[in-house]
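Note sheet for the following structure.
The values are calculated or read from the model by the stated rules, or taken from the named source; none is laboratory data. None of the values given here were measured: they were computed from a predicted structure. Cβ placement follows ideal geometry from the backbone for every residue including glycine, while neighbour counts extend to all protein chains displayed. Please note that ligands, DNA and RNA were not included when accessible areas were found on the heavy atoms of the full protein model with its side chains. Shrake-Rupley method; radii C 1.70, N 1.55, O 1.52, S 1.80 Å.
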Amino acid sequence: MILGDLLDARVRGPGGEHLGTLVDVRLALETLPGDDSSPDYPDREDREDRALSEQVRRRDRVGRARVVGILVSPRSGAPLLGYERTGVTAPWPVPQLVRRRHRGTFLVPWEDVAAVGPGEVRLATGYRQEDAALP
Amino acid sequence: MSRESSSGAGVRVVDARLHLLSRQVLDVDGEPVTTVDDLELVAADARDDDAPRDAAPGEPAEVGAILTGPVLVTRLLGGRPPASRWERVPWRDVGHVGTALELTVRADSLDVHWPEGWLREHVVGRIPGGRHDPEEDS
């Protein structure tokens with residue numbers, strides 16, 4: 001299975017009802033300690049940059065990348081551009097519009113995915129809907 | 001998730017499309033290798049096997065490899081390249097994930113650049129002076 005087969009697939013519930021579009025796949029990267037090459041970023045006080053800086057600038061050595069779940073957007077298959085999940089408010093009004101388009105987006109744990117077919121993902125009975133916010 | 005926490009390692013949550021796809025891949029020397037065109041998902045328990053098992057829905061899965069290939073046409077017209085056209089970079093060779101993905105191996109050890117290597121050997125190497133490294137003396 002490759003990630004491209006999952007992205008933009010239609011997501012259906014256990015009874016075949018349409019739930020939305022699979023917009024992203026969430027992964028948990030194992031971070032390994034003991035890396036001394038972490039550079040010190042002096043501009044970390046610049047909180048406007050927080051969306052990228054917190055998640056992306058880290059220098060932790062990564063290990064395995066486990067699949068956590070799938071993000072399902074009920075209204076739109078357009079990319080989230082990251083706005084849905086980081087609490088960014090600028091540049092107005094782009095995040096506001098993207099978030100409005102993707103309101104109701106939820107995370108379904110990978111254990112609750114029952115079947116993956118061509119362009120379609122079916123969820124298991126009793127699937128969980130979790131908050132899509134990126135921790 | 002608690003298993004990693006108890007062993008002293010942490011967990012960082014990322015979204016594949018947001019944080020990984022289309023990112024540049026650098027080798028251990030910082031040389032650009034390729035970009036992340038796609039990711040291969042494999043069953044989480046088959047990591048060290050020679051032939052990792054394909055990921056199954058609902059069963060623990062993880063990223064097995066970074067895939068790179070001729071995706072320009074398929075991105076415009078839909079579909080995906082056949083499996084034989086993908087070049088794989090094993091995920092165990094990934095060291096850091098930041099604005100770019102940094103590998104722990106040299107680009108020469110990967111098969112990603114085989115057309116470049118072939119051209120170097122069979123075309124450039126036959127041109128007079130083609131085997132001279134211009135940066136060798138500097």
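Tabulated data for the structure shown
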item	result
Equivalent-ellipsoid semi-axes of region A:66-108, from the Cα gyration tensor, Å, largest first	20, 12, 7
Stokes-Einstein D for region B:71-138, Kirkwood Rh over Cα pairs, 4 °C, 1.567 mPa s (µm²/s)	84 µm²/s
Percent carbon-and-sulfur accessible area, chain B, ignoring ligands, DNA and RNA, probe 1.4 Å	51 percent
Cα-only radius of gyration and Dmax that characterise chain B, units Å	18.2, 61
Label-to-label distance, nm, for residues given as B:THR35 and B:ARG106 (7 Å Cα→Cβ offset)	2.7 nm
In sequence order, calculated HN-Hα J values of region B:95-111 (Karplus, 6.51, -1.76, 1.60; Hz; x Gly/Pro)	x, 10, 10, x, 5, 10, 9, 10, 8, 9, 10, 7, 4, 4, 7, 9, 8
Neighbouring partner chain Cβ atoms per residue of B:93-99, average, 10 Å criterion	6
Virtual spin-label span in nm between B:ARG92 and B:HIS132, 7 Å along Cα→Cβ	4.3 nm
Chain B: calculated mean residue ellipticity at 222 nm from DSSP helix runs of at least 4, using -39500 (n - 2.57)	-3500 deg cm²/dmol
Residues A:ARG100 and B:ASP45, FRET efficiency given R0 of 30 Å [Cβ-Cβ distance, rounded to 0.05]	0.15
